Amino acid sequence: MSVKETKYKYVSYLWDEEEAAKLAGDEVALLIYRSNLLGADLRLTNYGGGNTSCKLMEKDPLTGHEKEVMWVKGSGGDLGTLKKSGLAALYVDRLRSLKQIYRGVDHEDEMVPLFNHCIFDLSSKAPSIDTPLHGFLPFAHIDHLHPDAAIAIAASKDGKQITETLFHGTIGWVEWKKPGFELGLQLKKCLDENPGIRGIMLGAHGLFTWGDTAYQSYLNTLDVIEVCSAYLAENYGKKSPVFNGQKLQSASAEDRKAQAATLAPILRGLCSSNQHMIGHFTDDARVLEFINANDLTRLAQMGTSCPDHFLRTKICPLVLDLAIDADLSDLASVKQKLKPAFEAYRAMYTDYYDSCKHPNSPPIRDTNPVVILYPGIGMFTFSKDKQTARVAAEFYINAINVMKGAEAISSYTALPHQEAFNIEYWLLEEAKLQRMPKPKPLTGKIALITGSAGGIGRAIAKKFIEEGGVVILNDMNAERLLETGAAFEKQFGKDSFTTAVLDVTNQEAIDSAFKVAALAFGGIDIVINNAGLSISKTIADHGEKDWDLLYDVLVKGQFFVTQAATKMMQKQDIGGDIVNIVSKNALVSGPNNAGYGSAKAAQLHLSRLNAAELGADRIRVNVVNPDAVISDSNIWAGGWAEGRAKAYGITVAELPAYYAKRTLLNQIILPEDIANACFAFVGGLLSKSTGNMLNVDGGVAMAFAR
């Protein structure tokens, strides 16, 4: 590594000369490298926000002549993970020639489809709305970021004057204008009127900086943000206490987590009135400083400034009127208090839409809040999936940073509601939403699969994630769970799952696992009771210890996990699914199987009893009966295989073929087959079925339901 020691205190200097030297001569590769470095520091820009570009001479494939081409981050994507496939490449002269047919600000949206006529690399990403902002400026390398420190100045009442004073006229200023063709023209005008400037501050929005090389642009960007950051740091607390001082003290870390875990499923249920939402909770110190402050109500109601912020977080958050130590055990009482707050928020959002909409505006979207603030406890965010919910929290922390900085140096100014609406319900944004893939069947659903670190449970967890859900992986074997978690993160990413060590015979462990589910995702929609073991012994050899272990894990374990799931699902009041993995042995008698077979029969009938009781809560309870699932099974790794082989008078090696041959379909049953059966129950097609049993055994006539 050859990262220089630098003067920077508030930003991270990450440029590695050795790595950059490997890319010398490839300006596009250096653009990607620079972008990744900028995107790695959330103080510089938020996830998915900002864009970067470079201009270079390329050979025109049609004429063979050298033409100036701009490579710029395309529509969507994230700087921190940007690859060449995420760039758009356009002829610069064609892009600039669009000014000749531009009909004015009322018609700027019609310019976006014309960007396609300027594309140089036909395999590149679709150009974004910010393309002309880069194209109309002459610089070889340009960075457009949303640094909290810069936006704090840009969103302050005296932002223009502060920028002038702080940078001695070397940073230009352009008043707020939503991104697009017109803003690109205004940036060029600002440069023409202020030759020699090193960047431009966009009012309430962000920062443009540039350089002749990738490295010079990177340094210029860091330098400007460092100056902004240092200026804010010098002024915190100078004019008045941050956020006008603290109104209350946070609860202890343990109490914050306990309150959040208890409340999250209730909030999730209220936020899921239109569609199932996934939650995220944080009690980050920056959040606590804001939500405990005297100025919380005033600033929260003002909303955010940067377009990226409110696109992710809605116009403003919902602030809960709950005491830190509020008794949340009385569900009816808590809901009675919260429902009017949600109704008021929905009414506020509807009024915002109705008062700002245009004749051609898209229909109103979900009126529920995205960000919910609980003073003294923390912040909840809810969205269609975990990543979006987590990123919404990150964006609101960015907004908190902006408000903190702006209030320290002047006073914070949010975008007017009409301007915010024009971004949120922009037809171009709506078109982008309409192009997104349709949600998968389990999008917005949260599943806890007991014993999911191997065999059947692991296959079910994989299937559910592939179908759009998130899962709580768990197992009583911590080492096996850790290995499974590492494999899942590599395959699916960190937002698709969480883990919890769980022994289904331990009530404290069960409660802890459901607390993990509440804090990580907001609640539970699906529980698969899969944890199990088997003991194959004759009646004479069966001891009390064997008997108790089988019934504790299979019957009591299933019941108490179901009990915990029911409690959480009733809090949410949006229904749910419980699927119990039982066995063919619940229906078929066989030798050396008294303890296991009778426990499985108890599981089966307990499922029917639970289905009868929970139907009124729209909680479905169904059963999948596997048989002889040998692959990657803890059960078969123990003595069960030897016991069954002995009972049938064959060797262990002959068991798979033996089981397959006795089925009507002559098939070996795999964990994936059981996963598919579980998905059949929870994927939406059988949403009106409960108390049912599905055999996945290759066809065992003796197990046919009678």
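Does Gly206 meet the test of being in contact with a Phe, Trp or Tyr (Cβ under 6 Å, 6 or more places away or on another chain) and either at pLDDT 95 or above or open to solvent by less than 10 Å² (accessible area, probe 1.4 Å) (or both)? In short, no. When Asn294 is evaluated against the numbered criteria (1) of a type outside the set (D, E, K, R); (2) in contact with a strand residue (DSSP E or B) (Cβ under 7 Å, 6 or more places away or on another chain); (3) under 21 Å from Phe243 (Cβ atoms); (4) open to solvent by 30 Å² or more (accessible area, probe 1.4 Å), which criterion, by number, is the only one it fails? Answer for Asn294: the failing condition is (2).
Scoring Ala20 on the criteria (1) of a type in the set (A, V, I, L, M); (2) surrounded by 15 or more Cβ atoms within 10 Å (Cβ to Cβ); (3) free of Cβ contacts under 8 Å to residues at least 12 places away in the same chain leaves a single failure, condition (3).
Scanning region 42-59 for residues that are open to solvent by 40 Å² or more (accessible area, probe 1.4 Å) and touching a strand residue (DSSP E or B) at 6+ places or on another chain (Cβ under 7 Å) returns Met57, Glu58, Lys59. Does Pro441 fit the bill of being within 23 Å of Arg620 (Cα to Cα) and open to solvent by 50 Å² or more (accessible area, probe 1.4 Å)? Spelling it out, Pro441 is indeed within 23 Å of Arg620 (Cα to Cα) and open to solvent by 50 Å² or more (accessible area, probe 1.4 Å).
This table checks each residue for (1) over 22 Å from Arg618 (Cα atoms); (2) over 25 Å from the mean Cα position of the chain (by Cα); (3) of a type outside the set (Phe, Trp, Tyr).
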| position | (1), (2), (3) |
| --- | --- |
| Thr484 | yes, no, yes |
| Glu489 | yes, no, yes |
| Gly493 | yes, no, yes |
| Asp503 | yes, yes, yes |
| Ala517 | no, no, yes |
| Ala520 | yes, no, yes |
| Gln558 | no, yes, yes |
| Lys571 | no, no, yes |
| Lys584 | yes, yes, yes |
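Out of curiosity, is Leu442 in contact with a helix residue (DSSP H, G or I) (Cβ under 7 Å, 6 or more places away or on another chain), farther than 30 Å from Ser361 by Cβ and outside any strand (DSSP E or B)? Spelling it out, Leu442 is indeed in contact with a helix residue (DSSP H, G or I) (Cβ under 7 Å, 6 or more places away or on another chain), farther than 30 Å from Ser361 by Cβ and outside any strand (DSSP E or B).
Conditions (1) in contact with a Lys or Arg (Cβ under 8 Å, 6 or more places away or on another chain); (2) part of a loop (DSSP other than H, G, I, E, B); (3) closer than 28 Å to Phe120 by Cβ; (4) modelled with pLDDT of 95 or more, marked per residue:
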{"residue": "Lys9", "(1), (2), (3), (4)": "no, yes, no, no"}
{"residue": "Ala20", "(1), (2), (3), (4)": "no, no, yes, yes"}
{"residue": "Gly25", "(1), (2), (3), (4)": "no, yes, yes, no"}
{"residue": "Val28", "(1), (2), (3), (4)": "yes, no, yes, yes"}
{"residue": "Ile32", "(1), (2), (3), (4)": "yes, no, yes, yes"}
{"residue": "Asp41", "(1), (2), (3), (4)": "no, yes, no, no"}
{"residue": "Thr45", "(1), (2), (3), (4)": "no, yes, yes, no"}
{"residue": "Ser53", "(1), (2), (3), (4)": "yes, no, yes, yes"}
{"residue": "Leu56", "(1), (2), (3), (4)": "no, no, yes, yes"}
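Of everything listed in (1) touching a helix residue (DSSP H, G or I) at 6+ places or on another chain (Cβ under 8 Å); (2) open to solvent by less than 60 Å² (accessible area, probe 1.4 Å), the single unmet condition for Lys537 is (2). Might you check whether a residue that is under 24 Å from Val391 (Cβ atoms) and of a type in the set (S, T, N, Q) occurs anywhere in region 477-496? Checked region 477-496: at least one residue is under 24 Å from Val391 (Cβ atoms) and of a type in the set (S, T, N, Q). Counting only residues that are in a helix (DSSP H, G or I) and either open to solvent by 40 Å² or more (accessible area, probe 1.4 Å) or out of contact with any strand residue (DSSP E or B) (no Cβ under 6 Å at 6 or more places or on another chain) (or both), region 60-113 holds 23 of them. Pro671 is checked against (1) surrounded by fewer than 18 Cβ atoms within 10 Å (Cβ to Cβ); (2) over 15 Å from Lys584 (Cβ atoms); (3) not small (Gly, Ala, Ser) and fails just one. What number does that condition carry? For Pro671, the exception is condition (1). Is it the case that some residue within region 385-400 is part of a loop (DSSP other than H, G, I, E, B), in contact (Cβ under 8 Å) with a residue 40 or more places away in the chain and either more than 22 Å from Val242 (Cα to Cα) or open to solvent by less than 50 Å² (accessible area, probe 1.4 Å) (or both)? Within region 385-400 (the criterion being part of a loop (DSSP other than H, G, I, E, B), in contact (Cβ under 8 Å) with a residue 40 or more places away in the chain and either more than 22 Å from Val242 (Cα to Cα) or open to solvent by less than 50 Å² (accessible area, probe 1.4 Å) (or both)), the answer is yes, since at least one residue qualifies.
The values are calculated or read from the model by the stated rules, or taken from the named source; none is laboratory data. Not measured: the values here are computed from a predicted model. Quick reminder, even Gly has a Cβ in these numbers, built from the backbone with ideal geometry, and neighbours come from all protein chains shown. We work out accessible area using only protein heavy atoms, side chains counted, and drop any ligands, DNA or RNA first. Shrake-Rupley method; radii C 1.70, N 1.55, O 1.52, S 1.80 Å.
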